[in-house]
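Worksheet: the structure to be examined is printed underneath.
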Amino acid sequence: MSNTTSHISSTGRRAYIITGPTSGIGRATALELAKHGMLVLVGRDRQKLNEVKKIIEQQGARAVSVVCDLSDISSVRRAAEEIARLNLPIAGLLNNAGIMQTRPTKSDKGLDLTFATNHLGPFVLTEALVPHLRDGTNVAFVVSAVEDPNRKPAVAAGFRGGRYISAEASARGEWKPNGAKQPGFDAYATSKQAILASAMVFARETPRLHFNAIEPGFNPTTGLGGSDTGTLVRLLQRFVIPLLVPLLMPFIRILSTPKRSAKIIAKIMTDASGQTGFYYDERGNPMQGSALVRDPKFQERVVTETRALLAAMPTGT
Ligand SMILES: NC(=O)c1ccc[n+]([C@@H]2O[C@H](COP(=O)([O-])OP(=O)(O)OC[C@H]3O[C@@H](n4cnc5c(N)ncnc54)[C@H](OP(=O)(O)O)[C@@H]3O)[C@@H](O)[C@H]2O)c1
């Protein structure tokens, strides 16, 4: 038996769903997870998805593309149904996709685009897929430590932590006052705080599955925040920063590369120890979120309000 054939047969009984596999951390993680099983690639651009699928197939693994715009709840529901119909032996769901805008905008359906993409979309996808996941499946969320108002590097970068008022207010793009000067930072920090809080509730509610969250470290070479940054920043990101990061990594703990983050995330996604309700740092060690996100009452409030908001949304939102 060739190496490739034995690789496929040893991983053939596992499938991993990953959102945002077309860029940055998600792309690197999809390629890493392909060593462990089949991939369900979930993203908004079919052509980009198929490019990643092709690379995975060249590695001797299998992949299927599912088109889904996470900022569009009806698209997320359709994608979840499509994934369920595939009837695959799912071993993991990685909610990785995310955006950070310098200036917050609204989705076509009138929702704050960041809150919809980073919180509502993964929340709906996860809840829709839970009934189809076998006991012991790993579900993880790629979040961000900028949700913590006391996180020094985040504060130095201009973040003021999550500014949650309510799920409804967040969907309208409203945040607690005295937030960040940079428009967009409050939306990002709040959306990440809301999905981190939700992950902790999911872990308590459904102990047969394993829900964890991951802070992947500062990865300055990815496309995050790239869609609405200037040409100079994009050029620096593409040609200069990738050369600097490996040199600086030994001195800056939180600095990382998609490849390194991918190895840590893949380890968490394939972990068979049954850990649930954990929040891991850029090295895969347990870390603490903000005081607010650790508060079970806050966590429950976010989930209750998110479910109520989603239930009240007109069909087609
Ligand atoms: N980079 C960092 O320093 C850092 C730090 C902490 C946390 N994170 C988190 O890590 C995750 C990955 O980010 P990254 O840095 O790798 O950024 P990235 O390179 O911009 O990748 C983001 C991915 O999300 C997808 N995506 C964006 N909007 C979407 C939508 N509406 N529907 C479906 N997919 C969508 C993108 O798809 P397209 O290719 O179609 O655009 C892309 O595949 C994010 O959740 C981010 O918040 C990153």
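Here is how the numbers come out for the structure above:
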quantity: Relative packing of peptides 284-296, 233-245 - highest average C-beta neighbours within 10 Å first; calculated: 284-296, 233-245
quantity: Nearest-10 value in Å² for the accessible area of residue 22, using the 1.4 Å probe; calculated: 40
quantity: Computed Rg/Rh of region 89-198, alpha carbon atoms with Kirkwood Rh; calculated: 1.01
quantity: Alpha-carbon Rg with Dmax, taken over region 212-278, Å; calculated: 14.6, 45
quantity: Fluctuation leader among 37, 60, 184 - the chain, Gaussian network, Cα springs under 10 angstrom; calculated: 60
quantity: Distance histogram in 20 Å bins (all Cα pairs of region 2-312, percent per bin); calculated: 35, 60, 5, 0
quantity: Separation between Cα centres of region 93-166 and region 278-317, rounded to whole Å; calculated: 9
quantity: Relative contact order for the chain, counting Cα pairs under 8 Å that sit 6 or more residues apart, in percent; calculated: 19
quantity: For peptides 199-206, 44-51, sequence by mean Cβ density within 10 Å, most packed first; calculated: 199-206, 44-51
quantity: Vicinal HN-Hα couplings computed from phi for region 144-158 (Karplus, 6.51 cos²θ - 1.76 cosθ + 1.60; Hz; Gly/Pro x); calculated: 8, 5, 5, 5, 8, x, 9, 7, 4, x, 5, 5, 4, 7, x
quantity: Counting DSSP beta bridges with both ends in region 2-312, the antiparallel % (nearest 5); calculated: 5
quantity: Entries of 35/109; 35/192; 192/267; 35/106; 109/181 with Cα pairs more than 32 Å apart; calculated: 35/109; 35/106
quantity: Unit charges on C-beta of K, R, D, E only; dipole of region 137-256, Debye; calculated: 200
quantity: For region 182-189, 3J(HN,Hα) per residue [Karplus equation, 6.51 cos²θ - 1.76 cosθ + 1.60, θ = phi - 60°, Hz, x = Gly/Pro]; calculated: 6, x, x, 5, 5, 4, 5, 4
quantity: Pairs of alpha carbons in region 1-149 whose separation is greater than 20 Å (percent); calculated: 47
quantity: Cα centre as origin, Lys/Arg/Asp/Glu Cβ charges: the chain dipole, Debye; calculated: 560
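The values are calculated or read from the model by the stated rules, or taken from the named source; none is laboratory data. Since this is a predicted model, take the numbers as computed values, not measurements. We place every Cβ from the backbone using ideal geometry, glycine too, and count neighbours over all the protein chains shown. What goes into the accessible areas is simple: the full protein's heavy atoms, side chains included, and nothing from ligands, DNA or RNA. Shrake-Rupley method; radii C 1.70, N 1.55, O 1.52, S 1.80 Å.
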